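Trainee: One structure follows; several queries about it will come next.
The values are calculated or read from the model by the stated rules, or taken from the named source; none is laboratory data. What you are looking at is a predicted structure, and each value in this text was computed from that prediction instead of being measured. Here the Cβ positions follow ideal geometry from the backbone for every residue, glycine too, while neighbour counts run over all protein chains shown.
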Amino acid sequence: MFEQSIGKRSKTVKNMVERGAVKKFAEAIGDPHPIFMDDVSYSRNMAPPTFPRVFDYGVIEGLDLPKKGLIHGEQNYHYERPLYVGEEILCYAEVEDYYERSGKSGDMGFLKVKRYGEDLEGQRIFSEEQVVIITEAVRRGMRV
């Protein structure tokens, strides 16, 4: 279904690691560690490891996934260095793979997307790999 999307990439989008957003995110995930919020005791605050989930990674042209009915299969982050409050991050996404498997409830599609965050000099800060599962019911609805 999405084999033609493998290798496609979004345009780069600039994001800001805003102090207020980091504080709200840390509170939402239940991790009020001072490194995320206390700008008096720490010379530089960091963002929680899963904070890049809120970034804009742009649109991958032709990858038209439904807005609901998808299953979050897996998500992994790899950091080269911490993500600091106040920095601007250049983000983009790329379709790495798509494959299908048969299951008890029918055929399922597995879409593997990688997302990247770089500093303004183009040095990689983090990468995120996620797998989105597209169930048979969703696949049928997309063919209509």
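Trainee: Give segment 14-44 a look and list any residue that's touching a strand residue (DSSP E or B) at 6+ places or on another chain (Cβ under 7 Å) and surrounded by 13 or more Cβ atoms within 10 Å (Cβ to Cβ), or say none.
Mentor: Listed by number, the residues that qualify are N15, V17, I35, F36.
Trainee: A follow-up question, please. Considering G73, G103, which residue is surrounded by fewer than 16 Cβ atoms within 10 Å (Cβ to Cβ) and within 15 Å of F2 (Cβ to Cβ)?
Mentor: G73
Trainee: Would you mention how many residues in segment 36-74 are over 30 Å from G141 (Cα atoms) and either in a loop (DSSP other than H, G, I, E, B) or of a type in the set (S, T, Y) (or both)?
Mentor: Looking only at that region, the number is 12.
Trainee: Here's something else I'd like to know. Determine if segment 82-90 includes at least one residue that is among the aliphatic types (A, V, I, L, M), in contact (Cβ under 8 Å) with a residue 24 or more places away in the chain, under 30 Å from R140 (Cβ atoms) and in a loop (DSSP other than H, G, I, E, B).
Mentor: There is no residue in segment 82-90 that is among the aliphatic types (A, V, I, L, M), in contact (Cβ under 8 Å) with a residue 24 or more places away in the chain, under 30 Å from R140 (Cβ atoms) and in a loop (DSSP other than H, G, I, E, B).
Trainee: Also, quick follow-up: I'd like the full set of residues that are at pLDDT 95 or above and in a strand (DSSP E or B), limited to segment 121-144.
Mentor: Across segment 121-144, the qualifying residues are R124, I125, F126, S127, E128, E129, Q130, V131.
Trainee: Among residues belonging to segment 106-144 that are surrounded by fewer than 16 Cβ atoms within 10 Å (Cβ to Cβ) and in contact (Cβ under 8 Å) with a residue 40 or more places away in the chain, point out the one that is farthest from I60 (Cα to Cα).
Mentor: A137
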